[in-house]
1. Any chance you could list P(r) for the chain, counting all Cα-Cα pairs in 20 angstrom bins from zero, rounded to whole %?
2. Once the mean 1/r over all distinct Cα pairs of region 19-137 is inverted, what Kirkwood radius in angstroms do you read off?
3. What lysines does Lys450 reach when the alpha-carbon gap must be under 22 Å and sequence neighbours fewer than 8 apart in one chain are set aside?
4. How are the Cα pair distances of region 327-429 distributed, in percent, across 5 Å bins from 0?
5. Between Asp476 and Glu324, with labels modelled 7 Å along Cα→Cβ, what's the label distance in nm to one decimal, could you check?
6. Within a Cβ distance under 13 Å of Leu426, other residues only, what is the Lys/Arg minus Asp/Glu net charge?
7. Go ahead and estimate [θ] at 222 nm for the chain from helices alone: -39,500 (n - 2.57) per DSSP H run with n ≥ 4, summed, over the residue count, rounded to 500.
8. Where does the charge balance sit around Arg242 when Lys and Arg score +1, Asp and Glu -1, over other residues with C-beta under 11 Å from its C-beta?
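Derivation of every value follows stated rules applied to the coordinates shown; laboratory data play no part. No experiment lies behind these values; they were computed from the predicted model shown. Using ideal geometry, Cβ is built from the backbone for each residue, glycine included, and neighbour counts are taken over all protein chains shown.
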Amino acid sequence: MTSTKANGSGRVLIFDTTLRDGEQSPGATMSLSSKLEIAELLQDMGVDIIEAGFPIASEGDFKAVEEISRLVRNATVCGLARSSFADIDRAGESLRPAARPRIHTFISTSALHMKYKLQMSPEDVIEAIDKSVRRARSHCDDVQWSPEDGSRTDHDFLCRAVETAIRAGASTINIPDTVGYSTPMESAFVIRMLRERVPDIDRVTLSTHCHDDLGLAVANSLAAVSAGARQIECTINGLGERAGNASLEEVVMAMRVRKDVFPHETGIDTTRIIQASRLVSRVTGFPVQFNKAIVGKNAFAHEAGIHQDGMIKHSGTYEIMRPEEVGLHESKIVLGKHSGRAAVSKKLRELGYEIGASRLGEIFRRFKHVADRKREVYDDDLVAIVQTANPEDANGVMEVEFLRVVCGTEAPQTAEIRMKLDGMSLQASATGTGPVDAAFNAVTEVFPHKARLLHYQVNAVTEGMDAQATVTVALDEDGLIVNGQSSDTDTVLASVRAYVDALNSLAMRRQAAENMAFA
Ligand code: KIV
Ligand code: ZN
């Protein structure tokens, strides 16, 4: 078990808030099973603290924090709460099963927020800090306090607020740059100032929480570390409100590669980074920008002839870290159409996926389908299959059994479909502006719904004309946003499966909401 106290040591704690701040990104809502999958991977990769949600926000958030508290044994599980007792008690309740619970409570401290958002006087805010931290301490020993909009807070008032939180029993003080306004120099200055001016500051861990509105979240987080912060709050792929949070992979790799500047350890197994990035991208339907540092498709690609020449002579000429350090391996030809279930299972284990027997059946069926169409099945093909054959597929109420589309220069573009719906085979045909539109219309004939297509994206998994396409679809039905993904060598079929995958999630979410209403 790792310690979540970093006081005075060279260790920097990694506090991951993908499941809380990350999930607050518009359109990034995640199902319970996806949150559990992410939490397990975060634990396995050595994250110290997992912020699992905002328990008072919804029944779904409460359940997620409770289930994650049950599942995670080696990391601290944290629930967010405003300063009201209702929020704090709800967080305390959801964290009851946790081996190492933490309540993270916050209130705004900038003049702007106090006056317009809270409509509270500074004195009232100080009183609320004292009461909220004490209330949180009645639930657990590990309490984190944050001054929201901390980077725009008057320095004298910030010192007073932090002192109040420490006196009331907070063991971590987190300084958020809520609106992504800070600069590296200011970020370092605030941490240094708190260390110089606030009594007993050495008893607590200082933390930094930076948003990326000006593209400075990672730089600001690292500057805070050089000034004495020993916890970084971050998210996988930099997911988060608006422009996102500091990205976990970037802060961790910066400290690893530039040990000369940041002589600090983290507990992160960096070889799990790519897996985590892909998982979060799959679950949220948010693609990773091709040139994103560390995890982008092009992050380790050397296209220019002059670079390639240098790389051949010595990889250090243009490479500051090796792709394997973040879990990226050359995509090799792995298997073919004669490969059996055992070979697929063994390869999946090598790629870091522990797959249970029931899920392996679905993955193997998809593998055979791809292997029949593609001569060479690469690691990346297998990863795409695993990532898109999620458990919801297997349990979904709908499945595509047959699809035929007619498209080309002559209209109308038509699609015929046969789908299994609640155990029955149903057929429909429809026309559309193109093959995908026609096929989606045919699905809607079989399963009428009012969901709006929010997002549709196609990515090639590997190079070559026979490459699989991974398709991501996001749907919005009255504010309920769901994602679906699928991959296939046939882009239209992958699109329809992704659409059906999203509709399955929608049907399950609707069902869960109805069950909760009757409970
Ligand atoms: O950005 C922010 O201020 C937050 C707080 C809740 C820590 O996310
Ligand atoms: Zn935030």
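1. 21, 51, 25, 3
2. 14.8 Å
3. Of all the lysines, those that pass the test against Lys450 - Cα under 22 Å, at least 8 places apart if same chain - are Lys420.
4. 2, 11, 18, 17, 15, 14, 11, 7, 3, 1
5. Going from the Asp476 label point to the Glu324 one covers 4.6 nm.
6. Value of the local net charge: -3.
7. Helix contribution divided over all residues of the chain: -12500 deg cm²/dmol.
8. Around Arg242, the surrounding residues sum to -4.
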